[in-house]
Each structure stands twice: as structure tokens, then as C-alpha cells.
Amino acid sequence: MPAGKQPTTDLAFIAVFAALIAAFSVVPGIPIGPVPITLQTLAVALTGLVLGPWRGFAATALYLLVGFAGLPVFAGGTGGLGVLGKPSIGYLLSFPVAALVAGALSRWLVGRNTRLRFLWLFLSGFAASVLVIHPAGIIGLMMVLQIDLAAAIAIDLPFWPGDVVKNLVAAAIAMAVHKAFPALLAPRVPVAA
């Protein structure tokens, strides 16, 4: 890649995937309690699996920044700082770290065994859900709704089957993208000026 092109390309990827997360977020959710089931986590996993850790983090952080600035890009067409008081805030705030974890794990695992690429991509996305999104979501539920841990876990449990499916879909899409663009997930090598 010619010198000077890499930052522009990275910015384009970050902007496109922030917009993708926003598009997935405005698809009507399934109301199951205080937090609806949405496609946001599918988009966050896909962002990390396709872009890798740092660009994935940046894309999801940009998405949150745009939403907190007031654009209606969050679930249900909401935006602004008012979402900080909603039960979903823990899930939302976890997105950049989840994309970073999914991207880092997928880069590390896929680099070691490309024959199991789909499995590694799925496990990377699902690990980000289990290790980052669900714990943060549970903490957010406890704080906003003033409930105990058991009650927050009971609210969170219905999201798990959907997360398995969403991470399978994200892994399949990421695998197709990486087949077409194999260098996309590879670590960035600085270009000499």
C-alpha cells in the first residue's frame, strides 16, 4: 500500500462499520423486558471480526460518540445522553471493548490455524459476548434498575441463545470477507516513508 493511503483506508473502514452498527441498531428489536433483543451485538461482533482489534474498537467508539452527541442511532431510534439512564447502558458501553476483544482473539486464533477459521471466528465473537458484553450488561441492569445480581442475570439469560446465532452469522460473514480480502485481519505493518 502506498505511503499515506493506510490512514485514509482505516478511517474509511471505521466510518463504514460505525454506520453499519447504526443501521443494525435501528432495525426494530424484540421486546422481552427492560432491554430488547436487537442486532447491535451482531454488528459489534462483525466489526471486531472483520476490522481487527483497534479499528473495531474505533468504529464502535465512533458509533457511541455519534449516538451520545444526539443522533438517533441507538436501539429504538434513540440518541443523546439520556440513554445513560436506561437499563441497556451497560451493554452499550461494552461495545468498543467487545469489538477489541473479538478482533484480538480472532487475529490471534486465525493466525495459528486457518483450517478452523470459522470456528475461531465464532469463538472469538462469542467470547467477547461472554467476557465483556454480558457482564457489563448485568452491571448496568443492576445499577439502573436497582436490582440484585440474580435478578439481573435472569433478565440477561434470554439474550444468550440469540448471541450464539448472531455470532455464527457474524463468523460466516467475516469468513467470506476475509476470503475476499485476506489481508484485512492481518496486523498492520507500518509503511516506510
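The values are calculated or read from the model by the stated rules, or taken from the named source; none is laboratory data. None of these values were measured; they are calculated from a predicted model. All Cβ positions, glycine included, derive from the backbone under ideal geometry; neighbour counts span all protein chains shown. Protein only, heavy atoms only, side chains kept; ligands, DNA and RNA dropped before computing areas. Shrake-Rupley method; radii C 1.70, N 1.55, O 1.52, S 1.80 Å.
When you check L105 against the structure, is it buried (at least 18 other Cβ atoms within 10 Å of the Cβ) and within 11 Å of the chain's Cα centre (by Cα), yes or no? Criteria not met by L105. Just to verify a result, which residue in segment 11-53, among those that are in contact (Cβ under 8 Å) with a residue 60 or more places away in the chain and surrounded by fewer than 22 Cβ atoms within 10 Å (Cβ to Cβ), is nearest to the chain's Cα centre (by Cα)? Among residues in segment 11-53 that are in contact (Cβ under 8 Å) with a residue 60 or more places away in the chain and surrounded by fewer than 22 Cβ atoms within 10 Å (Cβ to Cβ), the one nearest to the chain's Cα centre (by Cα) is L39.
Only one entry of F57, F68, F118 meets the criterion of being open to solvent by 10 Å² or more (accessible area, probe 1.4 Å) and farther than 26 Å from L184 by Cα, and that entry is F68. Would you call I147 farther than 19 Å from L42 by Cα, in a loop (DSSP other than H, G, I, E, B) and free of Cβ contacts under 8 Å to residues at least 24 places away in the same chain? Taking the combined requirement at face value, the residue satisfies it. Under the condition of being part of a helix (DSSP H, G or I) and farther than 18 Å from A128 by Cα, the residues counted in segment 25-62 number 3.
Checking each residue in segment 150-166 for being touching a residue at least 24 places away in the same chain (Cβ under 8 Å) and touching a Leu at 6+ places or on another chain (Cβ under 8 Å) picks out I155, K166. When segment 71-96 is limited to residues that are outside any helix (DSSP H, G or I) and open to solvent by 50 Å² or more (accessible area, probe 1.4 Å), the one that is farthest from H134 (Cα to Cα) turns out to be L71. When S106 is tested against the conditions (1) among the polar types (S, T, N, Q); (2) modelled with pLDDT under 95; (3) farther than 25 Å from A18 by Cα, the lone failure is (3).
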